[in-house]
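For reference, the structure discussed in these notes is given below.
The values are calculated or read from the model by the stated rules, or taken from the named source; none is laboratory data. Small disclaimer: the values here were computed from a predicted structure and weren't measured. We place every Cβ from the backbone using ideal geometry, glycine too, and count neighbours over all the protein chains shown.
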Amino acid sequence: MPDLFSPFTLKGVTLRNRIVMSPMTMYSSQDGQMGDYHVSYLGARASGGFGLIFPEQIAITPDGRTTTECAGIWSDDQIEGHRRVTDIVKRFGAVPAIQLGHTGRKGSEVAPHRSYPGYPGNSQLPADHPNGWQCVAPSPIPYGGDHHWPVHALTVDEIKALHRRYADAARRALDAGYQWLEMHYAHGYLGAEFFSPIANRRTDEYGGSLENRARFHLEALDAVRAVWPEEYPLTMRLGADDLNPAGTQFEDAVTAIGWMKDHGLDLADISLGFNTDDMVDPPMGREAFMVEMTNRVRTEVGIPVGTSWNLGIPETADRVIRDELVDLVFLGRPALSNPHWPVWAARELGHAAPFDLVPDDWRWWLQNFRGYDASIGLPPAKEAAPRLRSA
Ligand SMILES: Cc1cc2nc3c(=O)[nH]c(=O)nc-3n(C[C@H](O)[C@H](O)[C@H](O)COP(=O)(O)O)c2cc1C
């Protein structure tokens, strides 16, 4: 039976454990570049023991960013910054992963912690603002609320051009040293928009039936799979439910993931659609709330799965792996608050050698020169369940 610290092999890539640093937009790029900020922040999580490390949603075009401070891979001159990130992540024993995305009608935003005169954090800027741009989407329907600026509906030629941009981005990602590629089809961004009847009202081959609403995703997967090596995992994060009767329905997501599997998908990372704020019974406060849906994808599609959302208590993260509900645990906020979350979790779970996760030179000191537990900056380890003591 696997546990949180069991290695995980997918295609030709083996992760040292099941703990994934989930992609998180950091609003810390200039001209879409990865820089010192990303190298230090991501290197800290790699030396803290995470198995797979995502930076943030990486935009395939400049207008695919969330804000002008977000990272991209639309140009060859961005490869070097990404290579610095993959080098540091590999050096500390983790596998570097990239999440390719396009924000669609949710782009042109103000970063949450910033504001411009008249535009608070998280609001959307109009196309004529110096930090804004014209957003695109399947249909000319703005998201709503403070995201109300006119949206350009993509033509079929523009959709096909975007698929070429995905392939170009994947080629650059490979060149930069990434070994795992996730397509971002969730959280109200372009992939989620094409999938959801709330955002996609097209009447051509990219809208209407489920088959048509999934076409964008399948063609993008085909374009990427053609350039992304077979030995490296190709995965995607899907907004599998809008929690709204007019939006994406989970049963449709299960069917479409089956099609994606036939198009070369190796693992599904399940999340919500977020194509509307109008959700029935939003589950955000509940622990592990995506696990049940994610496990249904694992069982019904027969594909490895991972998920995020409120899995930061070590016992919970370990249980969902031990019970074989999911294959990987994605951690967002816990990875922000504690770069050494895996070490802490290993101690909490009574793992025999938690400091094996950090680089060898620190490990020696932490194992052999301890004083008393609290003196090393971690709370004393809890009395763990006996079954875990031998792990
Ligand atoms: C600051 C921040 C930025 C995020 N940016 C992204 C992103 O770029 N791509 C994505 O798929 N999810 C993004 N997310 C969602 C996380 O990857 C994760 O799914 C979510 O936080 C739930 O996991 P958690 O409960 O462990 O935080 C972001 C979350 C946070 C907190």
Being surrounded by fewer than 22 Cβ atoms within 10 Å (Cβ to Cβ), in contact with a Cys (Cβ under 8 Å, 6 or more places away or on another chain), of a type outside the set (Val, Ile, Thr) and at pLDDT 95 or above narrows it down to one of Asp76, Asp146, Asp63, so name that one. Asp63
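To keep it simple, each residue is scored yes or no on (1) within 14 Å of the ligand (Cβ to nearest atom); (2) crowded, with 24+ Cβ neighbours inside 10 Å.
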{"site": "Glu287", "(1), (2)": "yes, no"}
{"site": "Glu292", "(1), (2)": "no, no"}
{"site": "Glu300", "(1), (2)": "no, no"}
{"site": "Gly312", "(1), (2)": "yes, no"}
{"site": "Leu328", "(1), (2)": "yes, yes"}
{"site": "Leu336", "(1), (2)": "yes, no"}
For the structure I just gave you, tell me whether Leu181 is outside any loop (DSSP other than H, G, I, E, B), away from the ligand (no atom under 16 Å from the Cβ) and buried (at least 22 other Cβ atoms within 10 Å of the Cβ). no
At pLDDT below 95, acidic (Asp, Glu) and away from the ligand (no atom under 16 Å from the Cβ): does that describe Glu324? no
Going through (1) more than 15 Å from the ligand (Cβ to nearest atom); (2) part of a loop (DSSP other than H, G, I, E, B); (3) in contact (Cβ under 8 Å) with a residue 60 or more places away in the chain one by one, Ala346 fails only at (2)
If Pro130 meets every condition in (1) of a type outside the set (A, V, I, L, M, F, W, C); (2) without any contact (Cβ under 8 Å) to a residue 12 or more places away in the chain; (3) touching a Ser or Thr at 6+ places or on another chain (Cβ under 7 Å); (4) more than 16 Å from the ligand (Cβ to nearest atom) apart from one, which number is that one? (3)
Would you say Arg237 is surrounded by fewer than 23 Cβ atoms within 10 Å (Cβ to Cβ) and at pLDDT 95 or above? no
Can you find even one residue in the range 66-77 that is outside any loop (DSSP other than H, G, I, E, B), in contact (Cβ under 8 Å) with a residue 60 or more places away in the chain and more than 16 Å from the ligand (Cβ to nearest atom)? yes
Helices (runs of 4 or more DSSP H) contained in the range 186-239 and holding at least 3 residues closer than 15 Å to Ala169 by Cα and aliphatic (A, V, I, L, M): 215-225
If you go through the range 1-36 one residue at a time, how many are farther than 22 Å from Asn310 by Cβ, within 14 Å of the ligand (Cβ to nearest atom) and either among the polar types (S, T, N, Q) or surrounded by fewer than 24 Cβ atoms within 10 Å (Cβ to Cβ) (or both)? 4
Can you tell me which residues in the range 1-44 are part of a strand (DSSP E or B) and not hydrophobic (A, V, I, L, M, F, W, C)? Thr9, Thr14
Checked pairs for the range 92-121, first farther than 16 Å from Ile60 by Cβ and free of Cβ contacts under 8 Å to residues at least 40 places away in the same chain, second away from the ligand (no atom under 14 Å from the Cβ) and acidic (Asp, Glu), C-beta under 8 Å and 6 or more apart or across chains, list as Pro120/Asp146
